[in-house]
Amino acid sequence: AASRLEISMPAVVEVEVGDTARIECNFYIPENASYTYIDWFYVDRSNRQVRLYHVTSSGVLEDDTEYKKRLSLGEDKALSISAVTVQDARTFVCQVGAGSYGVGENSTELSVYKVPKTPEIEPNSGGISVHSTDIPEIAKCLSKNSFPPPNITWHKNGMQLHEQENAVSIQSTLTRESSGLYTVSSTLYAPVTRDDRHSSYHCTVHYWLRGHSRALESRRVKVNVFYPAEHLKLQVLPSSALVKEGDNVTLVCESDGNPQPVFSFYKKNLDEWQDLSSTEPQSGVLTLHNVNKSNAGMYKCQSLDLDDLSQIEEAVDLVVNYIDGVNVEMEPSSTLLEGQSVTLSCDARGTVDLAYQWSDENGRKLKEGNQLFLSNLTFETSNTYSCRVMAPSVPGLEQSKKVSLAVEGKPRIVAISSPLYVRQDELINLTCKAIAFPRPTIQWNVNGTAHEYMDNQHITSNLTVRVSHDLLQAGAICRVVNRQGTIEKHIQLLDQKSTAESQGVIIVAIIVAILVVAVLGAVIYFLHKKGKIPCGRAGKQDITKPEARKDKIVVEVKSDKVSEEAGLLQGANGERRAAADQ
C-alpha cells in the first residue's frame, strides 16, 4: 500500500460543444484516513488558479465564478460542467487536503471540440472556356461551426489536387465567429479541357476527434465547359419508324459543342430545300403538330459556329404511317327482319400490313378478321358493331368504323300491371311496357289520360283512369302496333273490398281454432293437477291401454276429514273386491 497521499485524474477529457463534461478526481489516503477538504480550481489565461468548490465534512461551498449555475458535484466528488463552450477548453485542478498526510493535487486538460457541418460547395455559375487565358475559378467550398479550426482539400474525379504553379491554385481563409467556432472558406482555380465536361469536383474538410483524423465530404459538382463542335446529330422523336398520323413529331438537332451553335431546318420539296427556320428559329428543335401524309419526306439540319463561321449539316427521312379509307359493307343490304342473318365486311388502306377486329357496342371482342357473320338477328339485343383496323408494327395506329343494323320485328309486351287490386271510383294507373322496332304505338280500349316515354327501344305507357263498375267487371286491354304486327294483353282488375272480406273470414277461423286448442290444453292441465291423469313412477298409467282396471279409484286428500272419507271409500272397495274374489 502507498505510504503517502495520491491523487489520480485523466490527463485529457474531450467533450463536444453543448454537452456536459465530467472530470473525476480519485485519491488515496493511507490508513483509510479521511480528507480534510477537497478544492476544485480552473486555470485562467493568466495562469492563475481560480477556486470553484471547497468541500469539507461540514458541507460544500461553491465560489462565485463565471461557472456558477453550470457546475455540479457528484457523490464521488467528480466535477460536472454543463453546456460546454469553446472557452471552457482549459486546465481543471483537484486539490485534496488530508491533515497530517499533507496536501496533494492533480489536473485534467479539458479539450473541447465541435464537429464541422458538411461542407457546402458552389461551382462556377458561368461557363469556363477551354481557350481561357487566365486560370479560371472552378468552385468555392465553405465549412462552418467547427473547433478547433479544420483543413480543406480539393478533389477532381476522386483524386486530390495539389497546388501547381500556373496550373492549380487553392486559396483559403479562416474566420473565428463570436461563438468561438471557426468558419473556413476555400476556392479552387484550375484550367479545363474538353474532357472536363464529364469531370466532377468535391471538397473535403478534415478535423481531429479524440486523437483521430476525421473527414466530411461535400456533394459532387460539375462545371459548364465551353468547347467547339465537332459532330452534328439529327433525330426524330418518336422514332421515325413509329410515327403515325395525328402524332406530334419533334426533330432535334444537336452538336457535340458547347454552347450549341445556331441551327437551321430545311425540307426537300422536289429538287429544292424549303427553309423552315422561321417556325422555330435557331433553337435546334423543330416541332410538327398533328402530322399527316403531306409531312413525310427529307429534312435537313444545318449548324453555324459563330466563332469560325464553319457549317455542319445532317439529314433524316421522316416516314408518316397512316390508315385510310376504312369502309364497312353489309350483305344483304336490304331491310333486316328478326331471325335473318347478315355478313359485315371491313376494308382499309395503309402504309403497313393491317389487322382487323370486331367488337360489340360494349367493347366486347367478337372476332378477328375483316368479316363478321351474324345470325338470328333480333332488335332486343345490341345491333351496333365496330370494325377496328390496326397496324401491329406501329403501336397506337388504328382507325375504327361503326355500323348499326336496323332489325325490324313485331312488338312484344314485356311488362303489364295485371292483376291489379282496386276500389270502385278511385283513380288508378295502368302500365303497359313493350319493345319493338320500328317504334310502335300503344293503344288502350278505355278512356283516360295517357303518358308515354322511351328508354332505348322500350316504350312505356301509363294510363290514369277512374274505376267504374263496367271497368271493374271487364278490365282493360293494352294494344301495341307497328308495321310488322300487333299484340295486345288484358289487364284484370280485382275488387279490393271483396278480397278483404274473404281474408277477414279466414282470420276469424284461425282465431277460433287457436282458442279451441288453448281450452283443450287448459282442461288437460287441470286434470293433471287434480290427479285425473296420474304420472310418476308409483302411479304411472297408460290411459290408452284398454286392460287398465276400471274399478280402481285414486283420490288425492288434503285434510283429516277427507282422509277419513277416503278410508271409508277404500274399505268399501276392499269389501267389494273380497266378495268378488270369493
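The values are calculated or read from the model by the stated rules, or taken from the named source; none is laboratory data. These figures come from a predicted structure and were not determined experimentally. Note that we place each Cβ from the backbone using ideal geometry, even for glycine, and neighbour counts take in every protein chain shown. Protein only, heavy atoms only, side chains kept; ligands, DNA and RNA dropped before computing areas. Shrake-Rupley method; radii C 1.70, N 1.55, O 1.52, S 1.80 Å.
Could you run through the range 422-448 and say how many residues are among the aliphatic types (A, V, I, L, M) and in a loop (DSSP other than H, G, I, E, B)? Selection size over the range 422-448: 1.
Would a scan of the range 414-421 turn up a residue that is open to solvent by 70 Å² or more (accessible area, probe 1.4 Å) and part of a strand (DSSP E or B)? For the range 414-421, residues open to solvent by 70 Å² or more (accessible area, probe 1.4 Å) and part of a strand (DSSP E or B): present. Here the condition is being open to solvent by 80 Å² or more (accessible area, probe 1.4 Å) and farther than 30 Å from G369 by Cβ; of L309, L318, L286, it holds for L309 alone. A single member of N429, N376, N445, N370 is open to solvent by 40 Å² or more (accessible area, probe 1.4 Å) and within 30 Å of N321 (Cβ to Cβ), and it is N370. With respect to the conditions (1) open to solvent by less than 30 Å² (accessible area, probe 1.4 Å); (2) closer than 23 Å to K293 by Cα; (3) part of a loop (DSSP other than H, G, I, E, B), G396 falls short on a single one, namely (1).
Among the residues that make up the range 28-38, is at least one of them open to solvent by 70 Å² or more (accessible area, probe 1.4 Å), part of a strand (DSSP E or B), in the same structural domain as Y67 (by the TED database) and among the aliphatic types (A, V, I, L, M)? Within the range 28-38, not a single residue is open to solvent by 70 Å² or more (accessible area, probe 1.4 Å), part of a strand (DSSP E or B), in the same structural domain as Y67 (by the TED database) and among the aliphatic types (A, V, I, L, M). Counting only residues that are open to solvent by 60 Å² or more (accessible area, probe 1.4 Å) and not β-branched (V, I, T), the range 115-132 holds 5 of them. Taken over the range 159-177, the criterion of being without any contact (Cβ under 8 Å) to a residue 24 or more places away in the chain and of a type in the set (G, A, S) is satisfied by S172 alone.
Here is the figure for the range 336-351: residues that are open to solvent by 60 Å² or more (accessible area, probe 1.4 Å) and within 48 Å of the chain's Cα centre (by Cα) total 3.
Residues of the range 461-473 that are free of Cβ contacts under 8 Å to residues at least 40 places away in the same chain and either open to solvent by 70 Å² or more (accessible area, probe 1.4 Å) or within 59 Å of the chain's Cα centre (by Cα) (or both): S461, N462, L463, T464, V465, D470, Q473. Only one of the numbered conditions (1) out of contact with any Asp or Glu (no Cβ under 6 Å at 6 or more places or on another chain); (2) surrounded by 11 or more Cβ atoms within 10 Å (Cβ to Cβ); (3) under 15 Å from T108 (Cα atoms) is violated by N47, and that is (2). Counting only residues that are open to solvent by 30 Å² or more (accessible area, probe 1.4 Å) and on the phi < 0 side of the Ramachandran plot, the range 228-263 holds 21 of them.
For the range 266-288: of the residues being closer than 19 Å to L309 by Cβ and in a strand (DSSP E or B), which is modelled with the highest pLDDT? Selected residue: Y266. Within the range 80-104, which residues are part of a helix (DSSP H, G or I) and within 60 Å of the chain's Cα centre (by Cα)? The answer is V86, Q87, D88.
I'd like to check something: does the range 59-79 contain any residue that is closer than 28 Å to V205 by Cα and either assigned to a strand (DSSP E or B) or among the aliphatic types (A, V, I, L, M) (or both)? No, there is no match, as no residue in the range 59-79 is closer than 28 Å to V205 by Cα and either assigned to a strand (DSSP E or B) or among the aliphatic types (A, V, I, L, M) (or both). So is Y453 out of contact with any Gly (no Cβ under 7 Å at 6 or more places or on another chain), open to solvent by 30 Å² or more (accessible area, probe 1.4 Å), in a strand (DSSP E or B) and under 15 Å from L471 (Cβ atoms) or not? No, not satisfied. Just wondering, is there one or more residues in the range 135-145 that are farther than 19 Å from Y207 by Cα, assigned to a loop (DSSP other than H, G, I, E, B), in the same structural domain as K222 (by the TED database) and touching a strand residue (DSSP E or B) at 6+ places or on another chain (Cβ under 7 Å)? There is at least one residue in the range 135-145 that is farther than 19 Å from Y207 by Cα, assigned to a loop (DSSP other than H, G, I, E, B), in the same structural domain as K222 (by the TED database) and touching a strand residue (DSSP E or B) at 6+ places or on another chain (Cβ under 7 Å).
Every condition in (1) over 46 Å from the mean Cα position of the chain (by Cα); (2) of a type in the set (S, T, Y); (3) modelled with pLDDT of 90 or more is met by S333 except one, and the failing one is (3). Condition check for G363 on (1) farther than 29 Å from N292 by Cβ; (2) part of a loop (DSSP other than H, G, I, E, B): one failure, at (1).
Each residue in the range 379-393 was checked for being assigned to a loop (DSSP other than H, G, I, E, B) and either closer than 19 Å to I323 by Cβ or open to solvent by 70 Å² or more (accessible area, probe 1.4 Å) (or both), and 5 pass. Give the range 1-13 a look and list any residue that's assigned to a strand (DSSP E or B) and buried (at least 16 other Cβ atoms within 10 Å of the Cβ), or say none. Answer for the range 1-13, where residues must be assigned to a strand (DSSP E or B) and buried (at least 16 other Cβ atoms within 10 Å of the Cβ): I7, V13. If I filter the range 144-188 down to residues being over 25 Å from L209 (Cα atoms) and in contact with a helix residue (DSSP H, G or I) (Cβ under 9 Å, 6 or more places away or on another chain), which single residue comes out as most open to solvent (accessible area, probe 1.4 Å)? Per the criteria, the residue is N157.
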